[in-house]
Amino acid sequence: MTEDATRAMDDPLRDTPFCRTAADGGRVRIDTADDGDAAALAAMYDAFPPADRTQGLPPARPEDRREWIETLLDARNAVARRDGRIVGHAALLGAGDAHELAVFVAPDARGVGVGTALLCGLLGAHRDRGGGRVWLAVESSNRRARALYRRFDFAIVRRGGVELTMARDI
């Protein structure tokens, strides 16, 4: 992890926009997503191979994917950009007394801190706007994602057959 990322973990949550140096030396800009990002998000999700579609997401059919992106853009969002291209997306969807977290990183941008930066920005914006409970479902076999969520103090609250539900209060 780079010095920027290590320093961020001391107080990781911050509001958007901000820039971060990725582990590979590239710059990542975290910003709020809006309707104007729909085409760029579709391009990112189009590149997800079938093996990277967990829990049926992102949807395989382009028309389903467009509808799903519209739903996500109605929620609180953050995008990660590298060299002008969206390489990550995170959203908090209202779900009763809590918000469901969804985080996606383009296959060619994984392992360099993009997911960490997205969580810093999205959870920071959530905290700065009143906070509340955040939960997510993750495949139990996805060790990399589980480790990321643990670094942000998410704890397992339910174990299912192939997935875990993790949550934390912000």
Checklist outcome for this item: CD proxy, 222 nm, the chain: helix-only mean residue ellipticity via -39,500 (n - 2.57) per DSSP H run with n ≥ 4, per residue, nearest 500, stands at -9500 deg cm²/dmol
Checklist outcome for this item: Ranked on Cβ counts within 10 Å of their own Cβ, fewest leading, Ile170, Ile69 go Ile170, Ile69
Checklist outcome for this item: For the chain, the dipole about the Cα centre with charges only on Cβ (Lys and Arg +1, Asp and Glu -1), to the nearest 20 debye, works out at 560 debye
Next on the checklist: Taking 8 Å as the Cα distance limit and 6 or more residues as the minimum spacing, I'd like the relative contact order of region 1-152 as a percentage.
Outcome noted: 27 percent
Item to check | Residue-wise HN-Hα coupling along region 24-33, computed from phi with Karplus coefficients 6.51, -1.76, 1.60 (Hz; x: Gly, Pro) | outcome: 8, x, x, 9, 10, 9, 9, 9, 6, 7
Checklist entry - ³J(HN,Hα) across region 53-62 via Karplus (A = 6.51, B = -1.76, C = 1.60, θ = phi - 60°), whole Hz, x for Gly/Pro? => result 8, 8, 6, x, 10, x, x, 6, 7, x
Item to check | Environment charge at Leu164 (Cβ cut-off 9 Å; Lys +1, Arg +1, Asp -1, Glu -1) | outcome: +1
Checklist entry - So what J values fall out for region 88-104 if you push phi through Karplus, 6.51 cos²θ - 1.76 cosθ + 1.60 with θ = phi - 60°, rounded to Hz, Gly and Pro as x? => result x, 8, 9, 9, 10, 9, x, 9, x, 7, 9, 10, 8, 9, 10, 10, 9
Checklist entry - Given H placed 1.01 Å from N in the peptide plane, which residues other than close sequence neighbours of Ser140 have an amide H under 5 Å from its amide H? => result Glu163, Leu164
Item to check | Within a Gaussian network of the chain (alpha carbon springs, distance under 10 Å), most fluctuating of Gly124, Gly111, Gly96 | outcome: Gly96
Checklist entry - Given a Förster distance of 35 angstrom, what is the FRET efficiency for Asp64 paired with Phe18, based on the Cβ-Cβ distance and rounded to 0.05? => result 0.60
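Every number here is computed from the coordinates shown, using simple stated rules; none is lab data. No experiment lies behind these values; they were computed from the predicted model shown. Cβ coordinates were reconstructed from backbone atoms using ideal geometry, including for glycine residues, and neighbour counts include every protein chain displayed.
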